[in-house]
Amino acid sequence: MAQDWAVKASESAAQIKHSAREQAREAKHRARLAKMRTQMRAKRAKERALEMLAKMPVPKMGRAAVEGTSWVTVFFMAMFHVGAVAALFFWSWQALVATVILYVLAINVGVGMGYHRLLTHRGYKVPKWLEYCIATCGTLALEGGPMFWVATHRVHHKHSDRAGDPHSPREGGWWAHVGWILSGRQLHHDVALLRHFAPDLAKEKFYRGLSRYHWIPLTASGVLLAGLGAWWGGWHLAISMVLWGVFMRVTLGLHATWLVNSVTHMWGKRRFITRDDSYNNWLVALVTGGEGWHNNHHAHPVSARHGLRWYEFDPNYYGIWLLKMVGLAKQVKIAQWDQEDPQPSGAMRA
């Protein structure tokens, strides 16, 4: 009796195991089918998106392609310049220190090292978390989100000083410096159209969001400065911190960057014979952290180093070099050129 019971129990256990294995196989099969269906749907969605993107009109840049004035941009530019003038009446050492720190973070780290040498030209690589932090610093400069900045600069290199260049001095010095910003349709929030020029950034949700809401970090910095100023010295210091750390700092940073678009395509020295009007200008390099070695850059766009001689001051590259020394920056590309016969050439990894 006990033996019969044991046999039945064993058979029952075997049946349960067999049933469990069958159920597991069926579950795996269903999971594979579901995954395949998901992949197929994603593939079809991507194909539809690409088809729609191909049908969308590509935004044109350059003076001949724009019409009218962007009065919203004119208002904010005027407001920041008025704020910069007002800052002169609210001087404080604390505000100056905050201005210098934020200027370096915005112009040197964010725009020079980040928007330009990292995101636009991919002159080096860093971990994603650090890339995102550097890109966020770039928004503090009030030069638009990463997709707008990268797209505009890539178009500039594609059509440099020819029809289609967003800011060529051949269409006027004022136009190259600031006129192009104040004119025509603004593309800062038009993520769909910017995909044409910055598809690598458009693939990432972070960059789409940062491009759409690029004004938030700058606004948050203003609130933080006001709070710190009020805590340290009352309302007068709070106003001083905001006027200097936001309005004065942003205005100076804008003009520094705009000098690259205008002055370095009009005055300076040319080491390389390039198809554009780019020049090396030491003064612009000084206020931008090395972006003024513009002829060097146009000759070797992917090089993370713009100052190619020991005397060409290039703090933005020094920052990249420091990141490399601590193991955070990799595949840093440096231009290779013949000092006896300087010709535009490629770049290689350091």
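Considering only residues that are of a type in the set (A, V, I, L, M), surrounded by fewer than 18 Cβ atoms within 10 Å (Cβ to Cβ) and in contact (Cβ under 8 Å) with a residue 12 or more places away in the chain, which ones fall in segment 225-282?
Within segment 225-282, Leu228, Leu252, Met266, Ile273 meet the criteria.
Identify, please: which residue in segment 89-99 is loosely packed, with under 13 Cβ neighbours inside 10 Å and free of Cβ contacts under 8 Å to residues at least 40 places away in the same chain and is, among those, nearest to the chain's Cα centre (by Cα)?
This residue is Trp93.
Report, by residue number, each residue of segment 283-293 that is within 23 Å of Arg249 (Cβ to Cβ) and free of Cβ contacts under 8 Å to residues at least 60 places away in the same chain.
Correct list: Leu283, Val284, Ala285, Leu286, Val287, Gly292.
Considering only segment 60-70, I want to know if a residue exists there that is modelled with pLDDT of 75 or more, touching a helix residue (DSSP H, G or I) at 6+ places or on another chain (Cβ under 9 Å) and not small (Gly, Ala, Ser).
The answer is yes, given that some residue of segment 60-70 is modelled with pLDDT of 75 or more, touching a helix residue (DSSP H, G or I) at 6+ places or on another chain (Cβ under 9 Å) and not small (Gly, Ala, Ser).
Of the residues that make up segment 287-309, is at least one among the hydroxyl-bearing types (Ser, Thr, Tyr) and either closer than 21 Å to Gly144 by Cβ or at pLDDT below 95 (or both)?
Yes; the residues of segment 287-309 include at least one that is among the hydroxyl-bearing types (Ser, Thr, Tyr) and either closer than 21 Å to Gly144 by Cβ or at pLDDT below 95 (or both).
Which of the numbered conditions does Gln331 fail, given that it passes all the others? Conditions: (1) on the phi > 0 side of the Ramachandran plot; (2) touching a strand residue (DSSP E or B) at 6+ places or on another chain (Cβ under 8 Å); (3) of a type outside the set (Lys, Arg); (4) without any contact (Cβ under 8 Å) to a residue 24 or more places away in the chain.
That leaves (4) as the condition not met.
Filter segment 255-286 for residues that are under 20 Å from the mean Cα position of the chain (by Cα) and polar (S, T, N, Q) and give the result.
Thr257, Asn261
Right, Gln339: out of contact with any helix residue (DSSP H, G or I) (no Cβ under 9 Å at 6 or more places or on another chain) and either of a type in the set (D, E, K, R) or surrounded by fewer than 22 Cβ atoms within 10 Å (Cβ to Cβ) (or both) or not?
Against the criterion (out of contact with any helix residue (DSSP H, G or I) (no Cβ under 9 Å at 6 or more places or on another chain) and either of a type in the set (D, E, K, R) or surrounded by fewer than 22 Cβ atoms within 10 Å (Cβ to Cβ) (or both)), Gln339 qualifies.
The values are calculated or read from the model by the stated rules, or taken from the named source; none is laboratory data. Because the structure is a prediction, the values reported are computed rather than measured. Note that each Cβ is placed from the backbone with ideal geometry, even for glycine, and that neighbours are counted across all protein chains shown.
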